[in-house]
1. Being of a type in the set (D, E, K, R) and crowded, with 22+ Cβ neighbours inside 10 Å is the filter; apply it to the stretch 1-37 and report the residue that is nearest to D172 (Cα to Cα).
2. Can you tell me how many residues within the stretch 86-122 are out of contact with any helix residue (DSSP H, G or I) (no Cβ under 8 Å at 6 or more places or on another chain) and either more than 21 Å from A151 (Cβ to Cβ) or not assigned by TED's automatic domain parsing to the domain that holds W163 (or both)?
3. Considering only residues of the stretch 167-197 that are in a loop (DSSP other than H, G, I, E, B) and surrounded by fewer than 23 Cβ atoms within 10 Å (Cβ to Cβ), which is nearest to the chain's Cα centre (by Cα)?
4. Run down G57, G101, G82 and say which single residue is on the phi > 0 side of the Ramachandran plot and either out of contact with any Cys (no Cβ under 7 Å at 6 or more places or on another chain) or not β-branched (V, I, T) (or both).
5. So which residues in the stretch 62-91 are in contact with a Lys or Arg (Cβ under 9 Å, 6 or more places away or on another chain), outside any loop (DSSP other than H, G, I, E, B) and farther than 23 Å from K36 by Cβ, if there are any at all?
6. Evaluate the stretch 72-83: report whether one residue or more is within 23 Å of G173 (Cα to Cα), modelled with pLDDT of 95 or more and not charged (D, E, K, R).
7. Would you say K47 is crowded, with 21+ Cβ neighbours inside 10 Å and either within 19 Å of the chain's Cα centre (by Cα) or of a type in the set (V, I, T) (or both)?
8. What number of residues in the stretch 96-122 are farther than 30 Å from D21 by Cα, outside any helix (DSSP H, G or I) and touching a residue at least 24 places away in the same chain (Cβ under 8 Å)?
Amino acid sequence: MNKYKGIIFDMDNTLLRSDIDFESMKRATHDYLLKKDVLPSPLDLHKHTTATVIQAGQASQKLTEDMSAEMWSIATKYEIQGMHNAPLEPGVMELLNELHGHYCMVVVTNNAIDAAKQALTDNGIIHLFDLLIGREMMNELKPSPSGVIYALKQFNHLNTEDWVSVGDAWVDGRAALDAGVDFIAYRSDREKLCANGVAPMAEIQEIHELLRYV
């Protein structure tokens with residue numbers, strides 16, 4: 001009997017080997033918010049992701065509708081560039097085909113829904129998922145648990161403990177754990193996991209190792 005009934009996947013560098021320049025995206029977003037006086041002072045970018053920079057901007061309550069649209073357009077530009085022709089992570093197709101039909105499978109990504117949909121379609125795997133959740137469906141980006149909680153609510157026949165999440169970044173782990181979902185780290189930076197209080201139930205280096213735990 002399977003331990004879990006549902007699996008939540010991150011997308012970038014978990015399912016797809018994308019080439020999004022997250023550092024440049026973060027800096028560009030940060031610089032835009034500073035230029036518009038949304039942020040009162042520079043942030044220590046070593047301690048932030050694009051998502052947490054955006055959260056800081058939203059928390060200031062100085063973002064107008066137009067500024068918010070411009071801010072998101074920065075992220076979208078980097079996403080489209082980085083996901084163009086992005087291949088699957090090694091072993092993903094085989095893994096998903098083995099899991100398909102035995103688990104509810106969901107993707108939760110901070111990317112725009114249209115960009116994510118295109119990338120998964122281009123790689124021929126979108127049909128293997130029951131649900132795709134992009135940032136438009138979240139109240140806040142990961143590390144907020146908003147997207148994970150949204151996913152859980154779509155499958156009322158499953159309990160929280162029926163789910164497990166897999167991702168490469170500490171924000172994926174934080175989002176899962178804060179929603180009460182077990183987390184498996186895939187090729188993660190252990191130092192960043194520890195620094196952000198993320199204790200995964202397992203750490204894997206090859207995606208097919210997920211089968212040991214589900």
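1. D10
2. So the answer is 4.
3. Here the answer is D168.
4. Working: G57 fails: on the phi > 0 side of the Ramachandran plot; G82 fails: on the phi > 0 side of the Ramachandran plot.
Just a single option satisfies the conditions, and that option is G101.
5. Matches in the stretch 62-91: L88 only.
6. no
7. Judged against the criteria, K47 is not a match.
8. Initial filter on the stretch 96-122 (farther than 30 Å from D21 by Cα): 98-104.
Those left that are additionally outside any helix (DSSP H, G or I): 100-104.
Remaining after also requiring touching a residue at least 24 places away in the same chain (Cβ under 8 Å): 100, 102-104.
Residues meeting the conditions: 4.
The values are calculated or read from the model by the stated rules, or taken from the named source; none is laboratory data. Everything numeric here is computed off the predicted structure, so don't read it as measured data. Cβ coordinates were reconstructed from backbone atoms using ideal geometry, including for glycine residues, and neighbour counts include every protein chain displayed.
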